[in-house]
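> Here it is: the structure, laid out below.
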Amino acid sequence: MSYVDGFVIPVPAENKDAYRKMAALAWPIFKEFGALELMECWGDDLPDGKLTDFKRAVAAQSGEQVVFSWIVWPSKDIRDASHKKMYEDPRMKALGDMPFDGKRMIFGGFEPLLDEKA
């Protein structure tokens, strides 16, 4: 069964194109190391919640938008090995500074419970 890395990231609105470019440049590396799918989603309809919401989850500030992203891997073992390779790969380092505050990014690995497609 596959394994999923999930991310919620606050990105300054003026960095939208830089974020998309960074993700597009990183995708071939992820794919080379085994990733099956990458989805980057720019927040469009993020209602304020009563207790929590996407914006509060990452302490989004005025002028920032929330990105919801995931990478699908064939397995947790492949994902773990790929992460190690990516941290050591000079192409990842060549991407430079990230166009967001990584300290407020939330992320984690997930084992799918249900995987349906049309």
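> Near residue 21, which aspartates and glutamates are there with a Cα under 13 Å away, not counting those fewer than 8 places off in the same chain?
Answer for residue 21, where 13 Å is the Cα cut-off: 40, 97, listed by chain and number.
> Report in % the part of the accessible area of the chain that belongs to carbon and sulfur, leaving out ligands and nucleic acids; probe 1.4 Å. Provide the component values of the computation, followed by the final result.
On the way: 4640 of 8010 Å².
That fraction is 58 percent.
> If you don't mind, another one. Quick check for the stretch 74-118: number of Lys pairs with alpha-carbon distance under 27 Å, counting only pairs 8 or more apart or on different chains?
Pairs that pass both the separation and distance tests number 10.
> Could you report the stretch 36-118's accessible area per residue, 1.4 Å probe, as an integer in Å²? Please report the intermediate quantities before stating the final value.
Numbers: 6160 Å² over 83 residues.
Per residue, the stretch 36-118 has an accessible area of 74 Å².
> Now a separate question. Against the longest alpha carbon principal axis of the chain, how many degrees, from 0 to 90 and to the nearest 10, is the axis of helix 16-32 turned?
Orientation of helix 16-32: about 20 degrees from the principal axis.
> Among 69-77, 42-50, 2-10, how do they line up from the highest to the lowest mean number of other beta-carbon atoms within 10 Å?
Numbers: 69-77: 16.8, 42-50: 9.8, 2-10: 18.9.
The packing order, highest mean first, is 2-10, 69-77, 42-50.
> Largest first and in whole Å, give the semi-axes of the chain's equivalent ellipsoid, each being the square root of 5 times a Cα gyration tensor eigenvalue. Present the calculation step by step, with values, prior to reporting the outcome.
On the way: eigenvalues 118, 75, 29 Å².
Ellipsoid half-lengths, sorted descending, are 24, 19, 12 Å.
The values are calculated or read from the model by the stated rules, or taken from the named source; none is laboratory data. The model shown is predicted, which means the values in this text are computed figures rather than measured ones. Neighbour counts run over all protein chains shown; Cβ positions are idealised from the backbone, glycine included. Just so you know, the surface numbers come from the protein's heavy atoms only, side chains and all, with ligands and any DNA or RNA stripped out. Shrake-Rupley method; radii C 1.70, N 1.55, O 1.52, S 1.80 Å.
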